[in-house]
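Undergrad: I'd like to ask some things about the structure below.
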Amino acid sequence: MTQKAQRQRLGTNDFDLEDELVDEATATVVTGAKRLNRKWPELLVTGFFGGVDVGLGILAMVLIKQTTGSDVLAGLAFGIGLLALKLAHSELFTEEFLLPINAVIAGQANVLQVVRLWAVTLVTNLLGGLAFAGLMVVALPDYHSTMIERP
């Protein structure tokens, strides 16, 4: 008797949960493999804009802090950058950090691809964030005290 026939014979039970777990594991491997197989231009651009998107969150945080003086509202405003990151499908070094490892374990990629993804993403995130921070400093001279203030 096949596993599917046995499940049908037993009726509704927790086996459906097992199927969902297998589907989720498969999806993580596929997602990790897609990220590892990005071409160089795509990897550079998505990494750079990952840093820019975080910079956008910092800009929102600084603007709200300067306007309201509230650390809580400023912290909430930072989420704008994370939302932009998700909507733009940018690559952030710390985002879903272990998905590529799932692809390696499943035999869909190799360790060199993981090192390439992590190294390029880290460097381009930093470059994008620094570029955006530089623009903020130049464009908003009245906000310098808020930018360097520590809560």
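The values are calculated or read from the model by the stated rules, or taken from the named source; none is laboratory data. Treat the numbers as computed from the prediction; the structure is a model and nothing was measured. Cβ coordinates were reconstructed from backbone atoms using ideal geometry, including for glycine residues, and neighbour counts include every protein chain displayed. Just so you know, the surface numbers come from the protein's heavy atoms only, side chains and all, with ligands and any DNA or RNA stripped out. Shrake-Rupley method; radii C 1.70, N 1.55, O 1.52, S 1.80 Å.
Undergrad: What value does segment 105-149 have for Rg/Rh, both radii from Cα atoms and Rh as Kirkwood defines it?
TA: On the way: Rg = 17.5 Å, Rh = 13.1 Å.
When Rh is taken as the Kirkwood radius, the ratio is 1.34.
Undergrad: Under a crude label model (7 Å from the Cα following the beta-carbon direction), how far is Ser145 from Ala133 in nanometres?
TA: Output for this residue pair reads 2.2 nm.
Undergrad: A further question on this structure: For the chain, would you read off the P(r) tail past 28 Å as a percentage of all alpha carbon pairs?
TA: That fraction is 42 percent.
Undergrad: Using the Karplus equation 6.51 cos²θ - 1.76 cosθ + 1.60 (θ = phi - 60°), what ³J(HN,Hα) coupling, rounded to whole Hz, does each residue of segment 126-137 give in order, writing x for Gly and Pro?
TA: 5, 5, x, x, 5, 4, 5, 5, x, 5, 4, 5
Undergrad: So which chymotrypsin sites (Phe, Trp or Tyr not before Pro) in segment 77-127 are both in a DSSP loop and have at most 12 other Cβ atoms within 10 Å of their Cβ?
TA: Phe97
Undergrad: Additional query: For segment 23-109, with every protein chain kept in place, what is the accessible area per residue (1.4 Å probe, Å²)?
TA: 56
Undergrad: Which order do peptides 46-58, 64-76 fall in by mean Cβ count within 10 Å, highest first? Please list the in-between numbers first.
TA: Details: 46-58: 23.0, 64-76: 14.2.
The most tightly packed comes first, giving 46-58, 64-76.
Undergrad: Take the Cβ-Cβ distance between Lys39 and Glu95 as r, set R0 to 22 Å, and report the resulting FRET efficiency rounded to the nearest 0.05.
TA: After rounding, the FRET efficiency stands at 0.70.
Undergrad: Continuing with the same structure: Stretch Ser70-Leu122 to full length: gain in nm at 0.36 nm per residue minus the Cα-Cα span?
TA: 15.6 nm
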